[in-house]
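Note sheet for the following structure.
Here, each number is a calculation from the coordinates, and none is a lab measurement. Predicted, not measured: the structure shown is a model, and the values here were computed from it. Neighbour counts run over all protein chains shown; Cβ positions are idealised from the backbone, glycine included.
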Amino acid sequence: MFDFSEVSLQSLIIHKVGSNQEENSLNLSEHMITPENEEIEQVLVDFFMKPFKPDAFYHFDHESGLEVNDIYQNSKAIFENRSAFVEKSQFIARHLHYVSVHPNIKTGELYIAHFNGCVVDGEITDAIGIFKSENKDTFLKIVQQNHGYDVDMQTGINIKKLDKGCLIFNTEAEDGYKLSIVDKTNKSQEAMYWMNDFLKVQFREDDFYDTKNYIDLCKAFSDGVLTEENSFSTPDQITFMKRSKEYFENNEKFDEQNFAQQVIHEPDIIDAFSGFKEEYKVSHETEPNNDFGISKPALKKQNKYFRPVVKLDKTFHLYVHGNPDNMEKGYDDNRRMSFYKLFFHEEN
């Protein structure tokens, strides 16, 4: 969990960074910013901190080791020597500019900050924040003139919309620190540079990661095995995912044997699930754990996989909130079309 209620802003600097395919797309500051008053400082803290949720954590990584991860090394230098803040922030900005190779990357303000008083999972620590604002909004300003009012237009940053951000908590340094990340831009190839090229991070393997990973496995099994080609129907898929959700909701700890007995039941399907899991490990290069604490935030984040929607051509969507056994699928030879028969007590 996060508690940012006592956070204070210790250092802040702003650089301008865009795609390195454009001229004059890097502008470095040489001095830190000192907010004029406590009200502006609080606005800045809220702008930076509020978008972060205590869900998936990450850590710095690199195929050749942490010693060659640029952001890890410069963050470590700031934590160890506060007087290096300006110099290391400039290096971070240069590195972002270096990896911003796609011409569609927007020029924006890069904020680098140092905070005190962060509480993360009960631990009080300081943190480095790296944020980028790429999108501007238009604001109307009402100006009083003489005995009336006029309207002016200004372009600026919406303090309720942080485009990209990373909080690097000063804990677990030997494992690449504990990180929380925000990236609200689209998932196009040029947008992925923030995590993949600039930060170079991996999921931190904890209960959130394990819960998310296993739900992904369940969804893949439902879509890949419980199919009509294998003599299953859509209601079978819905039943499996419904039972899976109930298991994750009603238990604090995940145990694979217990899950198989409560959710899958049938020995043949349990065997099929075990075989699919082995294939999934190889194809997704992951290792779903058999025993872990169930993360409720991860369950909430993966809730999209449990939405019981049956899409029929582009004509109907069936939302199944009750028992899927009350659905019966058939085929009409005269119309040459499939159909669903629904059983219910009354129409609301």
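Alpha carbon centre of the range 307-345 versus the range 1-38: separation in Å?
First find each Cα centre; the distance between them is then 54 Å.
Between Val119 and Val143, what length in nm is gained on full extension when 0.36 nm per residue of separation is reduced by their alpha carbon distance?
Fully extending the segment from Val119 to Val143 adds 4.4 nm.
Of Lys212/Lys311; Lys136/Lys311; Lys141/Lys300; Lys53/Lys311; Lys136/Lys296; Lys132/Lys212, which pairs sit farther than 29 Å apart, going by alpha carbon to alpha carbon?
On the way: Lys212/Lys311 25 Å; Lys136/Lys311 38 Å; Lys141/Lys300 40 Å; Lys53/Lys311 32 Å; Lys136/Lys296 35 Å; Lys132/Lys212 27 Å.
The pairs that break the limit, which is 29 Å between Cα atoms, are Lys136/Lys311; Lys141/Lys300; Lys53/Lys311; Lys136/Lys296.
Between (1) 31; (2) 37; (3) 50, which entry matches percent of Cα pairs over 31 Å apart as derived from the coordinates of this structure?
Computing percent of Cα pairs over 31 Å apart and matching it to (1) 31; (2) 37; (3) 50 gives (3).
Of the options Ile215, Gln237, Ile181, report the single residue whose Cα projects farthest towards the positive end of the charge dipole of the range 157-257 (beta-carbon charges: Lys, Arg +1; Asp, Glu -1).
Towards the positive end, the residue furthest out is Ile181.
Can you give the calculated 222 nm mean residue ellipticity of the chain, where each DSSP H run of n ≥ 4 adds -39,500 (n - 2.57) and the sum is split over every residue, rounded to the nearest 500 deg cm²/dmol? If you can, show how the numbers build up before the last one.
Numbers: 8 runs with 101 residues, N = 348.
The helix-only estimate for the chain comes to -9000 deg cm²/dmol at 222 nm.
Output wanted: per-residue J couplings in Hz (rounded whole) for the range 158-169, from phi through Karplus 6.51 cos²θ - 1.76 cosθ + 1.60, θ = phi - 60°, x for Gly and Pro.
7, 6, 9, 10, 8, 6, 9, x, 9, 9, 10, 7
Dipole magnitude of the range 207-342 about its Cα centre, charges +1 at Lys/Arg Cβ and -1 at Asp/Glu Cβ only, in debye to the nearest 20?
So the dipole magnitude of the range 207-342 works out to roughly 880 debye.
Which residue, chosen from Leu12, Pro51, His97, occupies the Cα position most advanced towards the positive end of the dipole of the range 1-139, where the dipole is computed from +1 (Lys, Arg) and -1 (Asp, Glu) charges on Cβ about the Cα centre?
Result: His97.
Going by amide H atoms built from the backbone, whose H comes under 5 Å of the H on Lys178, apart from near neighbours?
For Lys178, the qualifying residues are Phe169, Thr171.
Would you mind pulling out the separation of the Cα centroids of the range 102-152 and the range 184-253, in Å?
33
How big is the Rg/Rh ratio for the range 207-342, C-alpha atoms only, Rh by Kirkwood, two decimals?
Looking at the range 207-342, the ratio lands at 1.00.
What ranking, highest mean first, results for peptides 29-38, 235-244 when packing means the other Cβ atoms within 10 Å averaged over each residue?
235-244, 29-38
Dipole size in debye (nearest 20) for the chain around its Cα centre, Lys and Arg Cβ +1, Asp and Glu Cβ -1?
1100
Give me a comma-separated list of calculated 3J(HN,Hα) values for the range 51-67, in order, Karplus coefficients 6.51, -1.76, 1.60 applied at θ = phi - 60°, integers in Hz, x for any Gly or Pro.
Going residue by residue, I get x, 7, 10, x, 10, 6, 9, 10, 9, 5, 8, 6, 4, 9, x, 4, 5 Hz, with x marking Gly and Pro.
Please enumerate, by chain and number, the aspartates and glutamates with C-alpha under 19 Å from the C-alpha of Lys184, excluding those fewer than 8 residues away in the same chain.
Output for Lys184: Asp46, Asp55, Glu109, Glu134, Asp137, Asp163, Asp197.
Based on a Kirkwood Rh over C-alpha pairs, give the Stokes-Einstein translational diffusion coefficient of the range 233-313 at 25 °C and viscosity 0.890 mPa s in µm²/s.
Values: Rh = 14.0 Å.
For the chosen part, D equals 176 µm²/s.
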